[in-house]
1. For the pair residue 129 and residue 191, how long in nm is the line joining their label points, each one 7 Å along Cα→Cβ?
2. If you fit an axis through the alpha-carbon atoms of helix 182-199 and take the longest principal axis of the Cα set of the chain, what angle between them do you get, 0 to 90°, nearest 10?
3. Using 10 Å bins from zero, what percent of all Cα-Cα pairs in the stretch 249-372 falls into each bin?
4. Please report 372, 226 as a ranked list, fewest other C-beta atoms within 10 angstrom at the top and most at the bottom.
5. Determine the relative contact order of the chain: mean sequence separation of Cα pairs under 8 Å and six or more apart, normalised by residue count, in whole percent.
6. Normalised by the residues of the stretch 249-372, what does the relative contact order come to in percent, with Cα pairs under 8 Å and at least six apart?
7. Need the full-extension length gain, residue 318 to residue 64, defined as separation in residues times 0.36 nm minus the C-alpha distance. One decimal, nm.
8. With a cut-off of 8 Å between alpha carbons and a minimum separation of six or more residues, what is the relative contact order of the stretch 113-202 in percent?
Ligand SMILES: *Cc1c(COP(=O)(O)O)cnc(C)c1O
């Protein structure tokens, strides 16, 4: 045999993400000190891989494991179900009418923002002849994305509780600026507490308000369930708590070429960088097509090679970037490169790119191989 049937060595991935599950468990343990946890796994567990992250958390001893896994959509919920995940699944946002039959049949937990949604779920449970479905009420204390306004809920709680096929197991709200506006966030905690006082705390088994920033930076006696996302992945939205956490994901690539280029030579599209001196330039096999943000170009970014930070030169291209490795005379093709991880935090990359850690992590594209450690 020859020609087309010849086999070639497997091409190593040019860009990959190492996901460290023991770091995940350490970060989770930090969150679990507060109370029961709904682990937020939307958007493919922030780019870390939803099924792998879910099963790592589900394998914890039952007393510590998350009570809920929070997802954004029925598609994400299905992914968990198909992976054999047994932990209860909570849908973080409003659902479409066409999704509700499946939600009822699979006993996922929706959150309710209106009487109309409650009525529809109540009907579907009745038609299914099923046990009352546990649902949570969402309250809008300032996010403006969903939920009953507090006064409207006080008015409608009676009508809601008349739906006999629903069990109002929980109540939640969301914090829009827990990492930016402490005063407003404190007001939200107060509003939530006053509301719960009026409704009677014991009416709801689960009361939840805090995302990562809310969990790390605020105390509240009225809530007993927490919804951390970002912090599970080792990044603190409040920098003063970063040292409690360890990044889970390291985005890596390799040097593909090293060359000496002369002073005056241009680097990358637009030639915005012109070398001021003779420079040792490494080409690295990652670009914005992998999710390394193009917007970071020209903003003082660096990458980590052989234990050293080395500056990015010129614009990020789709599949490749260029790095000044003049400080690393031994740098050679094949050297590993860390784009972000433990040595360079994704929060730094995000800031230099004018965006947020959540967006950089969820922006890692499918062609980046995820490797679980
Ligand atoms: C995404 C999300 C969270 C998690 O937020 P982090 O800031 O990543 O901790 C919590 N609650 C709701 C409703 C969300 O949509």
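1. Here the modelled spin labels are 4.5 nm apart.
2. Result, in degrees: 30.
3. 14, 49, 32, 6, 0
4. Ordered by Cβ neighbours within 10 Å, fewest first: 372, 226.
5. After rounding, I find 18 percent.
6. Relative contact order of the stretch 249-372: 30 percent.
7. 87.2 nm
8. Taking the mean separation of contacting Cα pairs over the length of the stretch 113-202, I get 32 percent.
Each value in this text was obtained by applying a stated rule to the coordinates, not by laboratory testing. Being a predicted model, the structure only gives us computed values, none of them experimental. For neighbour counting, all protein chains shown are included, and Cβ atoms are generated from backbone atoms with ideal geometry for every residue, glycine included.
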